[in-house]
1. Could you report the stretch 24-300's accessible area per residue, 1.4 Å probe, as an integer in Å²?
2. Rounded to whole Å and sorted largest first, list the principal axis extents of the Cα atoms in the stretch 143-266.
3. So what's the Cα pair-distance distribution over the stretch 37-77, bin width 10 Å, in %?
4. Over the C-alpha atoms of the stretch 227-300, what are the Rg and the largest Cα-to-Cα span, Dmax, in Å?
5. What Rg and what Dmax come out for the stretch 64-187 when only alpha-carbon atoms are used, in angstroms?
6. Would you list the membrane-span-like helices of the chain, meaning whole DSSP H runs whose alpha-carbon atoms span at least 27 Å along their axis and whose mean Kyte-Doolittle value is at least 1.6?
7. What do the square roots of 5 times the Cα gyration tensor eigenvalues come to for the chain, in whole Å, largest first, as semi-axes of the equivalent ellipsoid?
8. Calculate what fraction, in whole %, of the accessible area of the chain sits on carbon and sulfur atoms when a 1.4 Å probe is rolled over the protein chains.
Amino acid sequence: MIWLLSRLKRTESVRIMINDDVKQVTGVYHRRIGDVVVTAISDGYIDAPYSVLQSISPIDAQAILTEEFKPTPPRISVNCYVIQSEGKIAVVDTGSGDTMGPTLGLLAKSLMEIDIDLKQIDTVLLTHMHPDHSNGLSNPNGGRLFPNAEIVVSEKDIEFWHDDSAMARANESQRVRYFEAARFQIAPYMDRLHSATGEVFPNVRAIDLSGHTPGHTGYMVESGSDSLLIWGDICHVPDIQVRRPEVTMVFDTDPEAAINTRRRTFDMVSSDKVLVAGMHLHFPGFSYIMKNKDGYRIIPESWAFTA
Ligand SMILES: [Zn+2]
């Protein structure tokens with residue numbers, strides 16, 4: 001009985017410790033690729049409704065997420081990556097700034113915690129222009145949040161989001177959230193855009209992964225014998241789309257092309273055993289894709305205690 005009481009007390013004290021004030025520390029994780037340091041930074045997360053998924057019923061989606069011990073409906077990580085190479089600093093995507101609610105927009109705060117000021121960013125490498133990737137470029141007054149950065153982005157995304165006839169075909173929500181936001185965010189950088197082709201930063205090559213948007217781009221980091229493909233939005237809900245690459249998102253510009261690019265990328269990284277990172281892989285996102293007789297599997301890399 002005494003033993004039971006002391007046990008209850010211990011349980012009680014644990015319960016008291018885990019109260020509403022307990023918060024995770026900033027989501028930052030460093031990973032070395034040869035001589036390059038890549039840092040995953042969590043911009044936060046989105047709780048998405050099942051209606052963002054296409055070619056799968058909500059019941060089937062829920063069954064897969066439940067089987068994978070994941071929240072239902074899907075909770076989608078939003079990650080950015082910092083690349084430090086040859087004395088320069090790049091950030092891959094900018095998160096959503098303060099445009100998408102309290103669970104997002106943590107990039108700037110996390111950079112401060114690792115002593116990187118936005119002024120120090122030499123280059124912003126954009127995987128594409130969507131609000132959770134590029135709304136962190138500018139402040140609400142239209143000023144640059146990265147005052148000294150050059151911007152690498154596919155011309156195809158710039159052209160598409162500035163295409164008035166494509167905007168006229170879009171519905172009201174798409175017009176405001178995608179077309180107008182992309183135009184507003186990129187406006188103060190129009191004199192410092194660079195094409196997403198070839199080597200775009202020391203030890204980083206742009207890779208065409210179009211489909212999700214017309215200019216969707218991945219960035220391959222290579223140093224010595226190490227490599228890492230930061231693949232942008234090759235999948236949004238990895239627990240579902242790695243098993244079922246045919247599942248698309250309501251915001252894919254060209255769903256068929258997105259499926260083909262997803263399969264081609266899975267084939268490439270699984271056969272070459274390339275480490276990947278992604279904006280919507282569960283934080284920090286460093287993972288491998290394995291091909292088996294039933295399709296593909298995603299295998300998150302083990303946490304490393306030193307970078
Ligand atoms: Zn995204």
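The values are calculated or read from the model by the stated rules, or taken from the named source; none is laboratory data. Because the structure is a prediction, the values reported are computed rather than measured. Surface accessibility is based on the protein's heavy atoms, side chains included, excluding ligands, DNA and RNA. Shrake-Rupley method; radii C 1.70, N 1.55, O 1.52, S 1.80 Å.
1. Values: 11930 Å² over 277 residues.
Using a 1.4 Å probe on heavy atoms only, each residue of the stretch 24-300 averages 43 Å².
2. 43, 37, 20
3. 27, 45, 19, 9, 0
4. 11.2, 31
5. Computed over the Cα atoms of the stretch 64-187, radius of gyration and Dmax are 15.9, 46 Å.
6. Values: long enough: none.
Helices meeting the criterion: none.
7. Values: eigenvalues 202, 115, 96 Å².
For the chain, the semi-axes come out at 32, 24, 22 Å.
8. Numbers: 8350 of 15260 Å².
For the chain, the apolar C and S fraction of the accessible surface comes to 55 percent.
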